[in-house]
1. Before we move on, is PRO229 without any contact (Cβ under 8 Å) to a residue 60 or more places away in the chain and either among the small types (Gly, Ala, Ser) or surrounded by fewer than 17 Cβ atoms within 10 Å (Cβ to Cβ) (or both)?
2. Out of all the residues in the stretch 269-297, which are out of contact with any Phe, Trp or Tyr (no Cβ under 9 Å at 6 or more places or on another chain) and not aliphatic (A, V, I, L, M)?
3. Starting from residues that are part of a loop (DSSP other than H, G, I, E, B), without any contact (Cβ under 8 Å) to a residue 24 or more places away in the chain and out of contact with any strand residue (DSSP E or B) (no Cβ under 6 Å at 6 or more places or on another chain), keep the ones in the stretch 156-198 and report whichever is farthest from GLN238 (Cα to Cα).
4. How many residues does the stretch 111-132 contain that are closer than 17 Å to VAL10 by Cβ and not aromatic (Phe, Trp, Tyr)?
5. Go through the stretch 306-328 and give me each residue that's closer than 12 Å to VAL286 by Cα and assigned to a loop (DSSP other than H, G, I, E, B).
6. What residue, among those in the stretch 136-155 that are out of contact with any strand residue (DSSP E or B) (no Cβ under 9 Å at 6 or more places or on another chain) and closer than 17 Å to PRO98 by Cβ, is most open to solvent (accessible area, probe 1.4 Å)?
7. For the list (1) more than 19 Å from ALA334 (Cβ to Cβ); (2) surrounded by fewer than 20 Cβ atoms within 10 Å (Cβ to Cβ); (3) at pLDDT 95 or above, I need the number of the one condition that GLY204 fails.
8. Within the stretch 29-45, track down each residue that is without any contact (Cβ under 8 Å) to a residue 60 or more places away in the chain, within 26 Å of the chain's Cα centre (by Cα) and at negative phi.
Amino acid sequence: MSRPLTVALVAGEASGDILGSGLMEALKALRPDVQFIGIGGPRMEALGMQSYFPQERLAVMGLVEVLGRLPELLARRKRLVQTLLDARPDVFIGIDAPDFNLDLAMKLRRGGIRTVHYVSPSVWAWRQKRVLKIRDACDLMLTLFPFEAKFYEAHQVPVRFVGHPLADTIPLEADREAARAALGLPLAGPVVALMPGSRAGEVGRLGGSFLAAAERLRSMRPGIRFVLPCASAQRREQIEQLLANRDLPVTLIDGRSHDALAACDAVLIASGTATLEALLYKRPMVVAYRVAPLTFQILKRMVKSPYISLPNLLAQRPLVPELLQDEATPEAMAQQIASLLDSGQAQTERFDAIHRTLRRDASRQAAEAVLQLVEAR
């Protein structure tokens, strides 16, 4: 008797658990006999993943934190390589976490196991020579965005653009009134979402400037209101301290960033994945970002892309304003947001076109690509 299809997956953090569970569901729908091994979070385990060790042991961010955990990470990867070589899965899928997964994929591929990487690292933007390692490590790259696929095609890496799962789940048209009612916001009058980031450093560098921009907007538009989703209890406390001496009509909410985006008329937002969510909700945005001055000087030399925000990368033109470092002043932010409250349609029409491009039933597309690779043997 032939054994069932065996798929090994390794997802290193919560976002990978979401992507991995969607992919597992799609694989099950296409191949009910499939079984899963590897490393996953609670969503993947609920679908039958036999996780060799807890996913959170891989979820580590920051240079110092990684260095402190490096011996453990290297030991776990060494054991995982041997475990998977012994198990002989039909395919290995590394989900994001490129520093861990690409080295793992390299060793497995040399051992005769087909390998897939799901979610491209930002190789098109900086450290482009990593594409050579990816070409050696992967039989197939699955990308969320079309511009990434073009980069890999140019470097002779087998690739498939599958679309973005968020584009599948976020509606093409969000109900602004329902979102405002759910958040206790007035149905009439302009509302601006303030999203200075989810990490302490981001909020420390941008939070005060975002609130100062809000004060200027209020003097320009007396009826304006603001909504600010807090990523955690710690970020809420940090933001409350920044608000302590300000008289601003700001509604703080815990999480619920999608409700905030659905409810607002425009967004002042830190560069990052949240800009994609703002795009999918069709909300005009101004993107701002600051890093430490030395970091900025280093990145300026390393980054090859003319844009940093996902909307501009997807549009391949300066669709949304990017205010970086010294340009990210409260005055500039307020002026740009005020302008978008009057004339944001040019942004949102393009956002709608991009949303439709990314809306491809990503999990099923990824599953079909994986099965084609397996069956091509």
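The values are calculated or read from the model by the stated rules, or taken from the named source; none is laboratory data. Predicted model only: the values in this text are computed from it and were never measured. FYI the Cβ positions are ideal-geometry reconstructions off the backbone, even for glycines, and counts take in every protein chain you see. Side chains included, ligands, DNA and RNA excluded: accessible areas come from the protein's heavy atoms. Shrake-Rupley method; radii C 1.70, N 1.55, O 1.52, S 1.80 Å.
1. Taking the combined requirement at face value, the residue does not satisfy it.
2. Within the stretch 269-297, THR273, THR275, GLU277, TYR289, PRO293, THR295, PHE296, GLN297 qualify.
3. Across the stretch 156-198, the extreme among qualifying residues is GLN156.
4. Residues in the stretch 111-132 being closer than 17 Å to VAL10 by Cβ and not aromatic (Phe, Trp, Tyr): 9 in total.
5. Correct list: SER309, PRO318, LEU319, VAL320, PRO321, ALA328.
6. It comes out as ASP136.
7. Answer for GLY204: the failing condition is (3).
8. Across the stretch 29-45, the qualifying residues are PHE36, ILE37, ILE39, GLY40, GLY41, PRO42, ARG43, MET44, GLU45.
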